[in-house]
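What follows is one structure encoded as structure tokens, with my remarks underneath.
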Amino acid sequence: MKHALVTAGTLLLLAVPLAACGDDDPEPAAAASESASPSAASTAAEVELPSLAPELPRSAPGVLAPDGVTFDACTVTPPDVFTAVFGASAGQAMPQPSSFDDPSAADCFYYGGDVLVAVQATTRADEDMPADSYTYEALPGAVEVPDADRGWAVVLPGQEGEDTVVSGLILVKGDHGLNISLSITGHPYDTDALLEYAGRVLEAM
């Protein structure tokens, strides 16, 4: 999936949790489930994302990222930005080991509240997120992100009138890259709001 070219026809059903999730550490799972939104979790399990997008979290992680990374996705996607842009309340930010196997980066996801988010991070953007494959150009409704060295945003089509809206973001700034899946329940949003969110994340990168 890491280097799959996205086209309008390459949509995969969300069916498997993030690889980092597990049941061997019950404490973070219990903490997250207490604040989780059951409707958001069940809706996310039924939503289709582009094949390139990281899977949205369906359970709390069993393993968290180690301290000391230089590029922490949770730091550049803080919970207050979801409130400022979307009016949504995010759950706890949970850093994850890099899915790109980058020892200098940590992924992040939010599970709970109104927001489900999965963020893949790398400090080797050209290597891990090459321009020829990390693109939403062929997806209906996709737009380029202003001010990014490379960036695409897409609110998935066919969600008009839905209470939960799902979108994808690809952001590259210098050597740093983020691949984001975002699901928000109870606060419908459009491409303009998604681009505002992308701009704030870019400022933090």
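Observations, loosely collected:
- When A106, A45, A84 are checked against the criterion of being of a type in the set (G, A, S) and modelled with pLDDT under 95, a single residue qualifies: A45.
- Considering (1) open to solvent by 10 Å² or more (accessible area, probe 1.4 Å); (2) touching a helix residue (DSSP H, G or I) at 6+ places or on another chain (Cβ under 7 Å), the lone condition that G186 does not fulfil carries the number (2).
- Looking only at residues in region 139-149 that are part of a loop (DSSP other than H, G, I, E, B) and touching a residue at least 40 places away in the same chain (Cβ under 8 Å), the one that is most open to solvent (accessible area, probe 1.4 Å) is D147.
- First in region 183-205 and part of a strand (DSSP E or B), second anywhere and open to solvent by 50 Å² or more (accessible area, probe 1.4 Å) and not hydrophobic (A, V, I, L, M, F, W, C), Cβ under 9 Å, 6 or more apart: T185/S39; T185/D163
- Residue check for G174: farther than 22 Å from F82 by Cβ, loosely packed, with under 15 Cβ neighbours inside 10 Å and at pLDDT below 95: no
- Odd one out for W152 among (1) surrounded by 23 or more Cβ atoms within 10 Å (Cβ to Cβ); (2) over 20 Å from T191 (Cβ atoms): (2)
- Evaluated against (1) at pLDDT 50 or above; (2) hydrophobic (A, V, I, L, M, F, W, C); (3) in contact with a Lys or Arg (Cβ under 9 Å, 6 or more places away or on another chain), C74 falls short on exactly one condition, (3).
- Residues that are of a type in the set (A, V, I, L, M) and open to solvent by less than 10 Å² (accessible area, probe 1.4 Å) were ranked within region 109-138; the one that is nearest to A88 (Cα to Cα) is V115.
The values are calculated or read from the model by the stated rules, or taken from the named source; none is laboratory data. In this text the structure is predicted, and so the values were computed from the model without any measurement. Heads up, the Cβs are rebuilt from the backbone with ideal geometry, glycines too, and the neighbour counts pull from every protein chain shown. For accessibility, only protein heavy atoms count, side chains too; no ligands or nucleic acids. Shrake-Rupley method; radii C 1.70, N 1.55, O 1.52, S 1.80 Å.
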